[in-house]
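Colleague: Sending over a structure as structure tokens; questions will come in a sec.
The values are calculated or read from the model by the stated rules, or taken from the named source; none is laboratory data. Remember, predicted model here, so these are calculated numbers, not experimental data. Please note: Cβ atoms are built from the backbone with ideal geometry, for glycine as well, and neighbour counts cover all protein chains shown. With ligands, DNA and RNA removed, areas are computed over all heavy atoms of the protein, side chains included. Shrake-Rupley method; radii C 1.70, N 1.55, O 1.52, S 1.80 Å.
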Amino acid sequence: MNSPKIVYCHCAYAQVVPRETKEAVLKRLCDSGVEFEATSDLCELSARKDPVLLKIASMGEVKIAACFPRAVKWLFSAAGTELDPAKVQVINMRTESSEAACSMLMDPQIVPNWPIGKASPKPELVEN
Amino acid sequence: MAFSSNETFNVVWPDEVDCSSPELRFQSIASLLEKGYSVSRKTGLPEGNGLTESQNTIFLTEKSANELPSIRGAYVSTRGKNSVALVDAIEGAKSSLGLIKREWKPWFPVIDYDRCTNCMQCLSFCLFGVYGVDDGRRIQVQNNDNCKTNCPACSRVCPEAAIMFPKYKAGPINGDNVSDEDMRREKMKVDISSLLGGDIYQMLRVRSERAKSRFSKERDSEKALNERQKCLIKLAESGDIPAEVLMSLPSPEEIKRRAEEAAVKAAAARGN
Ligand code: SF4
Ligand code: SF4
């Protein structure tokens, strides 16, 4: 089975993610030799409706190191990109310790936590 | 010739350049991210297809360019470079591609449609035309860049706590879960009609239809301004609205014009 793809958000335009956590996670990724997509700021990609978001949505299982899952979900949606709720795990670097964030990210098992509510697409209706 | 793009620049870092140290990788990637690039770490050579084959892509290599498949984009050699020299070389390659990234504002509202009831209060409230409706008359954030930096006022007037500002300091506006306690808190339940002193827009429309005198029109716009200011001051007292936003409020005439415009849009969206 393929490991989930990894996306890392550097939240470059605000100080809301602790610097220590961001650096520890990025360093761990760089040291590990795994493949990953690092983005300067997911909010920027959403504001620009950048095609990188579609690329992320088409990756299959994905772990996204960023902030609150609810914010990340609707940032993708605002750019017209929906992800399959069964295939996404968001790791919240605003609230997790750097050790916890790193170990969740590197764990080959995915623990989906995409918020699902009344307006959210059902998994089988997801379009990438 | 330079032209502007709405896409970010992507640096592809394949594992063929992995003789570089992990420390150089970390420092270079961190510095590129700070400068607004995206970085793709690849465990195989880029295939030269899909989104990486964009004119916004820079490929890192240890080979000379003519040894690589002919794919668009620029190449930068990592050979013998420290992280500063590497980032400089990437910046140089970007300039030679002649692309300039369009400006953007990191502060804008994001709607949680799992919570939104399409009540249009945000559209009615915002004086800066941030909100609009889509073809299906659903509320939408349409003009991100019009939003006033650090002002989360519309998230305070949303009765459903459906408006997030992901870079805000505290929950639930930052995207944290909305708790029952949040919903109970008075500040989460700012009632826009009472803030605006009744249906001020409707009142203004009716009065202007009756072709009121210049004097009463002035009174109406003055009242609209006063009520809005009261509302903003109340929100400012909760510590949310930056003083610069209050200071940069448009003139009473302009507020009236924008408020009417927003009210017409909201009424049309509700199907009135
Ligand atoms: S998605 Fe979250 S972590 Fe990423 S840039 Fe936006 S606020 Fe920052
Ligand atoms: S005020 Fe809130 S619930 Fe009403 S339309 Fe705006 S986002 Fe939706």
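Colleague: ³J(HN,Hα) across region B:149-158 via Karplus (A = 6.51, B = -1.76, C = 1.60, θ = phi - 60°), whole Hz, x for Gly/Pro?
Modeller: 3, 6, 9, x, 4, 5, 5, 6, 8, 5
Colleague: Oh, and also: Could you compute how much accessible area chains A and B hide from each other, both sides summed, with a 1.4 Å probe? Nearest 100 Å² is fine. Write out the running numbers ahead of the final one.
Modeller: Values: alone 7180 and 15150 Å², together 18380 Å².
Rounded to the nearest hundred, the buried surface is 4000 Å².
Colleague: For residue A:107 and residue B:253, what is the calculated FRET efficiency with R₀ set at 45 Å and r taken between the beta-carbons, to the nearest 0.05?
Modeller: Numbers: r = 59 Å, r/R0 = 1.32.
The value I calculate is 0.15.
Colleague: With all protein chains present, how much of the accessible area of chain A (probe radius 1.4 Å) comes from carbon and sulfur, to the nearest whole percent? Please list the in-between numbers first.
Modeller: Values: 2720 of 5200 Å².
So the carbon and sulfur contribution to the accessible surface is 52 percent.
Colleague: What pairs from A:73/B:94; A:49/B:35; A:73/B:265 go past 22 Å between their alpha carbons?
Modeller: Values: A:73/B:94 31 Å; A:49/B:35 19 Å; A:73/B:265 27 Å.
Over 22 Å Cα-Cα: A:73/B:94; A:73/B:265.
Colleague: Now a separate question. Which length gain, in nm to one decimal place, applies between residue B:43 and residue B:15 when the Cα-Cα distance is subtracted from 0.36 nm times their residue separation?
Modeller: 9.6 nm
Colleague: Which one of A:30, A:11, A:43 has the biggest mean-square fluctuation once chain A is modelled by GNM with Cα springs under 10 Å?
Modeller: Highest fluctuation of the listed residues: A:30.
Colleague: I would also like to ask the following. For each pair in A:22/B:167; B:81/B:105; A:118/B:148; B:105/B:169; A:5/B:148; B:148/B:169, compute the distance between the two Cα atoms and list the pairs where it is over 26 Å. It would help to have the intermediate numbers written out before the result.
Modeller: Values: A:22/B:167 15 Å; B:81/B:105 33 Å; A:118/B:148 30 Å; B:105/B:169 17 Å; A:5/B:148 36 Å; B:148/B:169 16 Å.
Over 26 Å apart, Cα to Cα: B:81/B:105; A:118/B:148; A:5/B:148.
Colleague: Now for a different question. Using the basic label-point model (7 angstrom from Cα toward the beta carbon), what is the residue B:99 to residue A:31 distance in nanometres?
Modeller: Distance between the two pseudo-spin positions: 3.3 nm.
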